[in-house]
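Peer 1: Structure incoming, see below.
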Amino acid sequence: MSINEEINPWKIVSDKEVYDNPWINLMEYQVINPSGGKGIYGKVHFKNYAIGIVPLDDELNTWLVGQFRFPLNQYSWEIPEGGGPLNTEPLQSAQRELLEETGLVAQQWQLIQTMHLSNSVSDELSLLYVARELTQHEAEPEETEQLQVKKLPFEEVYQMVQSGQITDSMSVAAILRVKLMLLEGKL
């Protein structure tokens, strides 16, 4: 049997909104699944892009941001990241996030990856950037953020991914992508 990638095999029987706030919307669907059986499906719609930035200076140092992540109930070291409104150019959101969290301003920006963060339950789209030609300014964290910022050699940060010390998906993907780009001479 051939699968047509253009045809959605899921049939929606009914839907209802379960939860809504300024950042996310949760829908519950009664469905007929691809094999013809009845089922239920939940979908989290994100009202922002997920934006991540790997700032990289001329000496190949980068910056990590540490914060306690409520959903995980643990501390996490990550690349600078945050949300960008869907009606705003993602690069503008990336520039804002980098300044807010690290105080850095970059003259050169490169989109290095787009990805869906958890496509089995959400439609969240992530855009990952490398920021170069950096100058230091004053950080402007949001009132809800208690951040630690560390400047480290990129190779050390790469090793933190390899050893499992960094587990945030956007950070892992961006750091691995930058490592590959460095090896290929594309950065």
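The values are calculated or read from the model by the stated rules, or taken from the named source; none is laboratory data. All of these numbers come straight from a predicted model, not from anything done at the bench. Note that we place each Cβ from the backbone using ideal geometry, even for glycine, and neighbour counts take in every protein chain shown.
Peer 1: Give me a count of the residues in region 94-123 that are of a type in the set (S, T, N, Q), under 12 Å from the mean Cα position of the chain (by Cα) and not in a loop (DSSP other than H, G, I, E, B). So that I can check it myself, show each step before the final result.
Peer 2: Let us first name the residues in region 94-123 that are of a type in the set (S, T, N, Q), namely 95, 102, 107-108, 110, 113-114, 118-120, 122.
Next, only the ones that are under 12 Å from the mean Cα position of the chain (by Cα) stay: 113-114, 118.
Checking which are not in a loop (DSSP other than H, G, I, E, B) leaves us with 113-114.
Within region 94-123, residues that are of a type in the set (S, T, N, Q), under 12 Å from the mean Cα position of the chain (by Cα) and not in a loop (DSSP other than H, G, I, E, B) number 2.
Peer 1: Of all residues in region 1-50, how many are under 22 Å from the mean Cα position of the chain (by Cα) and among the polar types (S, T, N, Q)?
Peer 2: Qualifying residue count, region 1-50: 3.
Peer 1: Being at negative phi, out of contact with any Cys (no Cβ under 9 Å at 6 or more places or on another chain) and outside the structural domain of ARG132 (by TED's automatic domain parsing): is that true of LEU26 here?
Peer 2: Working: at negative phi: yes; out of contact with any Cys (no Cβ under 9 Å at 6 or more places or on another chain): yes; outside the structural domain of ARG132 (by TED's automatic domain parsing): yes.
Answer is yes for this residue.
Peer 1: When you go through PRO22, PRO80 one by one, which is the residue that is more than 18 Å from HIS116 (Cβ to Cβ), touching a Ser or Thr at 6+ places or on another chain (Cβ under 9 Å), without any contact (Cβ under 8 Å) to a residue 40 or more places away in the chain and not aromatic (Phe, Trp, Tyr)? Break it down into steps so the answer makes sense when it comes.
Peer 2: On the way: PRO22 fails: touching a Ser or Thr at 6+ places or on another chain (Cβ under 9 Å).
Being more than 18 Å from HIS116 (Cβ to Cβ), touching a Ser or Thr at 6+ places or on another chain (Cβ under 9 Å), without any contact (Cβ under 8 Å) to a residue 40 or more places away in the chain and not aromatic (Phe, Trp, Tyr) holds for just one of PRO22, PRO80, which is PRO80.
Peer 1: If I filter region 91-104 for residues that are in the same structural domain as VAL54 (by TED's automatic domain parsing), over 21 Å from GLY66 (Cα atoms) and in contact (Cβ under 8 Å) with a residue 12 or more places away in the chain, do I get at least one hit?
Peer 2: Initially, region 91-104 is screened for residues in the same structural domain as VAL54 (by TED's automatic domain parsing), giving 91-104.
Within this subset, residues satisfying the condition of being over 21 Å from GLY66 (Cα atoms) are 91-92.
Still in the list and also in contact (Cβ under 8 Å) with a residue 12 or more places away in the chain: 91.
Yes, region 91-104 contains a residue that is in the same structural domain as VAL54 (by TED's automatic domain parsing), over 21 Å from GLY66 (Cα atoms) and in contact (Cβ under 8 Å) with a residue 12 or more places away in the chain.
Peer 1: Then there is this: Which members of region 146-155 meet the condition of being out of contact with any strand residue (DSSP E or B) (no Cβ under 6 Å at 6 or more places or on another chain) and within 13 Å of VAL178 (Cα to Cα)?
Peer 2: Across region 146-155, the qualifying residue is only GLU155.
Peer 1: In the list TYR41, TYR129, TYR49, TYR75, which residue meets the criterion of being farther than 27 Å from MET160 by Cα, outside any loop (DSSP other than H, G, I, E, B) and of a type in the set (Phe, Trp, Tyr)?
Peer 2: On the way: TYR129 fails: farther than 27 Å from MET160 by Cα; TYR49 fails: farther than 27 Å from MET160 by Cα; TYR75 fails: farther than 27 Å from MET160 by Cα.
The unique qualifying residue is TYR41.
Peer 1: Kindly indicate which of GLY39, GLY52 is touching a Leu at 6+ places or on another chain (Cβ under 6 Å) and surrounded by 12 or more Cβ atoms within 10 Å (Cβ to Cβ). Steps first, answer last, please.
Peer 2: Values: GLY39 fails: touching a Leu at 6+ places or on another chain (Cβ under 6 Å).
Exactly one residue qualifies, and that residue is GLY52.
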